[in-house]
Structure formats: structure tokens, C-alpha cells
């Protein structure tokens, strides 16, 4: 199982309506993407991020299906313009020294396949973690 986590710090000018829409997108990711086996999201406490989420994905095939699913791409299109900072990370309960590189390749292909997404990510003030592959900015 791969646990894909995200952390988001919103820009100061984000409206409550925009937050509601972005959170509905996160719910849809967990609810509508068949590759997601379980998920949790909510307010982050004890850190410097506003919202966090974790999606449980069975394997790399599921991870790739998650990235490509329309609910995920919609969430990125809606959410990235609202964020000042974004961080992603992955946790796996099976030791595999090559897993990080394969996840990075999935993320790289995700950005390469969508110039619009790559542009949104490049516009973030800060972007770190497993999804922060070279993409021409940010």
C-alpha cells in the first residue's frame, strides 16, 4: 500500500467559497477514484499548513490511475491557484529502494502530459516533496 499525502497552505486572499470548492474536490478524489482504497483529509494542526490529506493507493498502477483520474486533475486545477505552498509525500509499508524513483517518474509524466497543470504548479510560491519534480518553475 502506498499512502500519498498532501499538505496545503492557502494564499491570504482565498475566499470561503473557494475553500469550500477545493475541499469538495478533495472529497471527490477519495469518493470517486476507484484506485483510492481509503482517504482522510481535514484541517492540519500543529504545523504551518492549513489542510492536509492522505490517499491510500494499492500500488504504482493505482497511483498512476489516481493521478490521471478526472477527479484528481480537477482538484489540481481548482486547488493549485489557491495555494501559497504545497507539499506532497509518500509512505509505503513495503520496503522498496526503487519506489521513490518510480513515483517521481509517475509525477513527471503527470506534469509532462498537462502543460496547464505544469504552469499552475510553477506558479506556486513553494512546492516540495514527491510531486516536486523539475517542471520549469516554482
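The values are calculated or read from the model by the stated rules, or taken from the named source; none is laboratory data. Computed from a prediction, not measured in an experiment: that's the story for all the values here. Every residue, glycine as well, gets a Cβ built from its backbone with ideal geometry; the counts of neighbours run over all protein chains shown.
Quick look at the values:
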{"item": "Which numbered condition residue 55 fails, given (1) crowded, with 20+ Cβ neighbours inside 10 Å; (2) part of a helix (DSSP H, G or I); (3) at pLDDT 95 or above; (4) touching a helix residue (DSSP H, G or I) at 6+ places or on another chain (Cβ under 8 Å)", "result": "(2)"}
{"item": "Lone qualifier among 47, 79 - being loosely packed, with under 15 Cβ neighbours inside 10 Å, under 25 Å from residue 19 (Cβ atoms), in contact (Cβ under 8 Å) with a residue 40 or more places away in the chain and in contact with a strand residue (DSSP E or B) (Cβ under 9 Å, 6 or more places away or on another chain)", "result": "47"}
{"item": "Among the residues listed as 85, 102, 74, the single one being more than 17 Å from residue 5 (Cα to Cα) and either in contact with a helix residue (DSSP H, G or I) (Cβ under 9 Å, 6 or more places away or on another chain) or not in a helix (DSSP H, G or I) (or both)", "result": "74"}
{"item": "Condition check for residue 87: surrounded by 14 or more Cβ atoms within 10 Å (Cβ to Cβ), in contact (Cβ under 8 Å) with a residue 12 or more places away in the chain, within 14 Å of the chain's Cα centre (by Cα) and within 23 Å of residue 18 (Cα to Cα)", "result": "yes"}
{"item": "Selection count, region 113-136, where residues are part of a loop (DSSP other than H, G, I, E, B), surrounded by 12 or more Cβ atoms within 10 Å (Cβ to Cβ) and at pLDDT below 85", "result": "7"}
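Residue-wise test of (1) modelled with pLDDT under 90; (2) surrounded by 15 or more Cβ atoms within 10 Å (Cβ to Cβ); (3) part of a strand (DSSP E or B).
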site: 39; (1), (2), (3): no, yes, yes
site: 62; (1), (2), (3): no, yes, no
site: 94; (1), (2), (3): yes, no, no
site: 111; (1), (2), (3): yes, yes, no
